[in-house]
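Here the structure is laid out as structure tokens; the discussion comes afterwards.
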Amino acid sequence: MESNSILQVSAFSGLIGALLTQLLTGLFAYLGDKRKSETELKNTFRNKLVEITESFYFVTGEKMAIIKKNMDYWANYNTSRSGKSLDFLQQEISKLNGHMEKLDAENWKSNLVELYFDVSLTSERVITTNLRSKELYLRVLDITEQIAHALPEEQTDLYRLRNDAVADMLHHYDQVYHDMSVDMGIVKSGLLKEFHL
């Protein structure tokens, strides 16, 4: 009987050992797979974050350069009075605006930056800012058109109005440029924080 009990205890111990081994092997495999999945997910997130950040930096940098150039043209526009110089400046501004539209069309990923970072120029604010830019631009164009058709004695007042309109537009562009610069800083510090640098 004693030998039979020992045999039963031994068999039971073997069974428990086998079950524990299976249980621990399954647990370790599960934990390893979970850790691997989390690591892959984190790496995918980081890769997407870097991709969007690079696109944002490229597009924002290009747009900032265009805005600065646009501001330079408009500052010069105030002092230019001949038809040829105004036409030239208008052509240059049109080229810059065309380049800006091409940037937006080809680099849509930069618009996703607000999903990852708390930037001030959100999609909604960009739309509002663009509408304000167009409003200020159209005001300048309207006054310029009035100057072209005005009597010489009326032109002095219209030039003053246009100068004020251009100054308002330049102030607006300067604020947009500043906001873009701040957003670039937010994105850079957020990315460095993500990578613990």
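The values are calculated or read from the model by the stated rules, or taken from the named source; none is laboratory data. Keep in mind the model is a prediction, meaning the values are calculated, not measured. Ideal geometry is used to build each Cβ from the backbone, glycine not excepted, and the neighbour counts take in all protein chains shown. To get the accessible areas, we keep the full protein, side chains included, count just its heavy atoms, and leave off ligands, DNA and RNA. Shrake-Rupley method; radii C 1.70, N 1.55, O 1.52, S 1.80 Å.
Pop out the carbon and sulfur fraction of the accessible area of the chain as a percent, whole number, probe 1.4 Å. Percent of accessible area from carbon and sulfur atoms in the chain: 59.
Residues considered: T122, T44, T60. Largest GNM mean-square fluctuation over the chain, using C-alpha springs under 10 Å, is found at T44. Evaluated over the Cα positions of the chain, the convex hull gives a direction-averaged projected area, one quarter of its surface, of 16.1 nm². Taking every alpha-carbon pair under 8 Å whose residues sit at least 6 apart, the chain reaches a relative contact order of 29 percent. Select from L24, L131, L41 the residue whose mean-square fluctuation is largest in a Gaussian network model of the chain (Cα-Cα springs shorter than 10 Å). Greatest mean-square fluctuation among the candidates belongs to L24. In this structure the stretch 58-197 gives 62 Å² per residue of accessible area when probed at 1.4 Å with all protein chains present. GNM on the chain, C-alpha springs below 10 Å: top fluctuator among V166, V50, V59? It is V50. Any idea what angle helix 123-149 forms with the longest principal axis of the chain, computed on alpha-carbon atoms, 0 to 90 degrees, nearest 10? Its long axis makes an angle of about 10 degrees.
Computed over the chain, the per-residue total of -39500 (n - 2.57) for DSSP H runs of n ≥ 4 gives a 222 nm mean residue ellipticity of -32500 deg cm²/dmol, rounded to 500. Helix 2-77 axis versus longest C-alpha principal axis of the chain: approximately 10°, rounded to the nearest ten.
Straightening the chain between M64 and E51 buys 2.7 nm, computed as 0.36 nm per residue apart minus the Cα-Cα spacing. Here the spin labels are modelled as points 7 Å beyond Cα on the Cα-Cβ line, and at Q155 and K95 they lie 2.7 nm apart.
The amide H of T122, built 1.01 Å from its N in the peptide plane, has no neighbour under 5 Å, considering only residues 5 or more places off or on other chains.
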